[in-house]
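Below you'll find the structure, written out as C-alpha cells, and then a few comments.
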C-alpha cells in the first residue's frame, strides 16, 4: 500500500525497524557521541553545587524546545519568574516554565519506573497544565505552517495508538544489544510518528530523550541542551523525520540525532567549565572585596538564582532578611549584581553569569580588584 500523507498512518511499522539501524557509519558516530556524553557527565560531577546547573541549563533547554513549537519568551523573563512570582508571568513564559517543571518531575519519576507510556502522560500533563490522555478524536493532521499542506497524518483510533505505544515502550526498555543512543533516536521518531496526544507531543518527546539518557546512566542530571541543535537545524529535523516515514531512511535520521548529541554535549561541557571558572573567579573577587560577608554559599546562591531575591538568601539560611538585604546591596556595589525594581519587588541580577549562559562564547570579562 502506497503511503499517503493525508491518510492516517495506521500502518506505522512496529519496532524494531527492519532496516539496518547499526550500520558502520552509525556505530562510528556512536563512539564519538558517547565520548562527548561521558565528558559532559564528568563535567557536571565537578560542580560542587549541582543546583547551579539544574536551575539554569534546563531553563535554556525549556526555552528553545518551546520555541520549536512557536511558544516564544525571553531568557530574562524565564530567570526572573523561575525563582518566584511565576503566576505574574505572561502565558508563553508560564508554559515554558512548565516544560522545566516537567523535566524535573520526569527526572524524579524515572527513579521509580522506567521511561514508559505513563511517563509520557505525566510529562505532557505537566507541560499542558491539564490532565491528558491518549488521543481519541480523529482528524489530527500535521501541516506546513506556510502553505497549510498536510505533511503527515498520525494513526487514529485509541486501540491502534495504544498498541503502538505498548510496542514503543517494550522497545525502549528491552534488554537487547542495540546501542542506547541508536535506541533513543528510534524511540524519538516513533513517539513523534504515533503522536499520542492532541498537543505537546514534540516537547514531551524531547524531554523523554533526556530522561532516557539518565535512565541508561549516560547522564546524571538533565543538563544536555539538545533542543539547541534541533532549532538550529530545524528544517533537517522535520525533513529527516519525513524521510523515515516516506522512504524508510533510518540511517540519516539516526546520524542526525547522534550529531545532535555530540555537538550539544560538547557545547554544554564547555559551558559548564566556563560556569565553574566564573564561579571560582567570583568567589575570589568577593572574598577580597567583601571579606566580612564572604561565604561560598552566598556566591553559589547568586549563581543558582541569576535573578536573586532577598528571600533566596534567607531560604539558604545564610542570613536573616535585613542582613540578606545588606549582603545583596554590597554585592551590587562591587559590580557582581545589579539592582532592579520590578513593581514592588526588588531583584538583584547577575549580569556576567546571564551573559555567559545565553551567549555562544564561553568568555567573560574578569573582575578587577
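General observations
- Relative to the longest principal axis of the Cα atoms of the chain, the long axis of helix 117-128 makes an angle of roughly 50 degrees.
- Residue 246-residue 23 pseudo-label distance in nm [points 7 Å out on the Cα-to-Cβ vector]: 1.9
- Part-to-part distance (alpha-carbon centres) for segment 310-357 and segment 64-90, which is given in Å: 20
- Using the Cβ-Cβ distance between residue 147 and residue 35 with R0 set to 45 Å, the FRET efficiency from 1/(1 + (r/R0)^6) comes to roughly 0.60.
- Placing R0 at 35 angstrom, the Cβ-Cβ distance between residue 338 and residue 108 gives a FRET efficiency of 0.55 after rounding to 0.05.
- Only helices enter this figure: runs of n ≥ 4 DSSP H residues, each worth -39500 (n - 2.57), summed and divided by the residues of the chain, yield -19000 deg cm²/dmol at 222 nm to the nearest 500.
- Stokes-Einstein D for segment 183-240, Kirkwood Rh over Cα pairs, 25 °C, 0.890 mPa s (µm²/s): 202
- Computed over segment 273-358, relative contact order equals 27 percent, with contacts defined as Cα pairs under 8 Å that lie 6+ residues apart.
- Degrees separating the helix 158-173 axis from the principal Cα axis of the chain, which is the longest one: 60
- Angle in degrees between helix 24-46 and the longest Cα principal axis of the chain, rounded to the nearest 10: 20
- Estimated at 0.36 nm per residue, the fully extended path between residue 68 and residue 130 surpasses their Cα-Cα distance by 20.2 nm.
- Relative contact order, whole percent, for the chain stands at 22, derived from Cα pairs under 8 Å and 6 or more residues apart.
- Residue-span extension gain [residue 330 to residue 233] - 0.36 nm each, minus C-alpha spacing: 30.5 nm
- Stretchable slack from residue 277 to residue 49, in nm (0.36 nm times residue separation minus alpha-carbon distance): 80.7 nm
- For the chain, the normalised intensity computed at q = 0.09, 0.13 Å⁻¹ comes to -0.55, -1.03 (log10 of I(q)/I(0), Debye sum over alpha carbons, equal scatterers, no solvent).
A short reminder: the numbers here are calculations on the coordinates, not readings from a lab. The structure presented is a predicted model; accordingly, all values stated were derived computationally and were not measured. As a convention, Cβ positions derive from the backbone with ideal geometry for all residues, glycine included, and neighbour counts pool all protein chains shown.
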